[in-house]
Ligand SMILES: [Mn+2]
């Protein structure tokens with residue numbers, strides 16, 4: 001598999017050791033995770049990205065002491081950004097891996113973690129002293145120093161109370177226990193809910209490779225809504241109360257109606273495969289600002305590679321791509337799983353006509369591209 005060709009970003013630690021000892025457990029500082037690190041885009045290129053409509057960006061300024069915290073949402077015209085000479089501001093650009101090949105390649109170096117957990121690669125540019133204040137994230141994150149220096153202070157504290165007087169999530173009582181200065185190529189891993197603050201020492205750029213952690217209530221709400229939408233094929237079953245007697249307490253909810261409500265939800269949950277299908281569709285759903293450019297598909301399609309914006313996953317019964325699910329078996333399933341795992345597929349001319357047609361559709365939609373290997 002291709003991922004094994006990529007050099008490790010974990011220093012002397014193996015992916016197995018990292019997942020066993022640090023992932024979701026404790027921070028890890030890796031000096032020279034990427035030796036001889038070169039920035040993957042210039043400040044000017046980053047500012048250009050932040051000016052585009054389909055790119056999510058934020059500008060944070062202030063230091064929480066002399067100047068109050070402020071946050072604005074992009075897009076930003078380059079001249080709308082503060083002068084470079086002004087200290088204490090940060091430009092955050094999300095999803096850079098969806099727009100720049102080099103960042104998609106960087107993202108691929110973290111594929112020892114399931115793709116289902118991946119969120120995106122964010123780039124932050126900070127002028128001297130810039131930062132977003134002490135905070136914690138709901139993500140696992142790798143903070144890779146790309147250019148210049150940033151001083152990180154971190155804390156294992158349990159008190160995660162937030163200030164209520166600022167437009168950002170900033171902690172009210174941050175008590176850092178460790179300080180470290182990151183140089184280009186150094187990388188800090190932080191588990192979710194781990195308090196941290198990074199301050200630029202001179203102008204700097206940091207790349208955050210983030211891994212989302214679904215929250216139970218949000219996940220349940222989303223899945224229930226999806227499977228109930230998918231359940232509409234059957235004839236509608238309506239509540240009936242032919243046995244309802246006359247009541248003297250009109251406001252009391254009938255027990256039969258309570259039971260009907262309970263059974264309605266239970267019925268949805270008795271379809272584990274539908275639930276798994278909804279999960280895969282949800283996990284591969286492109287973010288709202290993501291769009292693909294359609295293109296012509298060559299008549300003879302020999303090989304394809306997935307577009308960097310494409311999210312593709314699979315489970316035992318389905319293959320999922322960009323919010324859609326396909327039920328497949330046998331050789332076709334094997335080929336699509338290979339495409340999902342390696343993000344490329346060869347010898348397409350030898351596949352079943354159905355599968356070649358499907359791949360041609362995906363190429364036309366811009367989800368995949370013709371490739372030569
Ligand atoms: Mn953070």
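The values are calculated or read from the model by the stated rules, or taken from the named source; none is laboratory data. Just so you know, these numbers come straight off a predicted model, no measurement behind them. Every residue, glycine as well, gets a Cβ built from its backbone with ideal geometry; the counts of neighbours run over all protein chains shown.
Points to keep in mind about this one:
- Close pairs from region 49-68: first at positive phi, partner in a loop (DSSP other than H, G, I, E, B), Cβ under 7 Å, at least 6 apart: 62/68; 62/69; 62/88; 64/133; 64/170
- Selection status of residue 226, farther than 30 Å from residue 13 by Cβ and in contact with a helix residue (DSSP H, G or I) (Cβ under 9 Å, 6 or more places away or on another chain): yes
- Restricting region 189-203 to residues that are part of a strand (DSSP E or B) and near the ligand (Cβ under 10 Å from one of its atoms), the residue that is surrounded by the fewest Cβ atoms within 10 Å (Cβ to Cβ): 197
- Residue within region 164-172 that is part of a loop (DSSP other than H, G, I, E, B), within 23 Å of residue 12 (Cα to Cα) and more than 12 Å from the ligand (Cβ to nearest atom) present: no
- Any chance residue 241 is more than 16 Å from the ligand (Cβ to nearest atom) and at pLDDT below 95: no
- Test result for residue 149, loosely packed, with under 12 Cβ neighbours inside 10 Å and either away from the ligand (no atom under 16 Å from the Cβ) or more than 30 Å from residue 68 (Cα to Cα) (or both): no
- Of the numbered criteria (1) under 30 Å from residue 21 (Cβ atoms); (2) within 16 Å of the ligand (Cβ to nearest atom); (3) crowded, with 18+ Cβ neighbours inside 10 Å, the one residue 180 fails is (3).
- Considering residues of region 124-138 that are assigned to a strand (DSSP E or B) and crowded, with 21+ Cβ neighbours inside 10 Å only, the residue farthest from the ligand (Cβ to nearest atom): 125
- Only one of the listed residues (358, 301, 336) is over 25 Å from residue 99 (Cβ atoms), assigned to a loop (DSSP other than H, G, I, E, B) and in contact with a strand residue (DSSP E or B) (Cβ under 9 Å, 6 or more places away or on another chain). That residue is 301.
- Subset tally (residues that are modelled with pLDDT under 95 and either within 19 Å of residue 46 (Cβ to Cβ) or buried (at least 20 other Cβ atoms within 10 Å of the Cβ) (or both)) for region 152-173: 1
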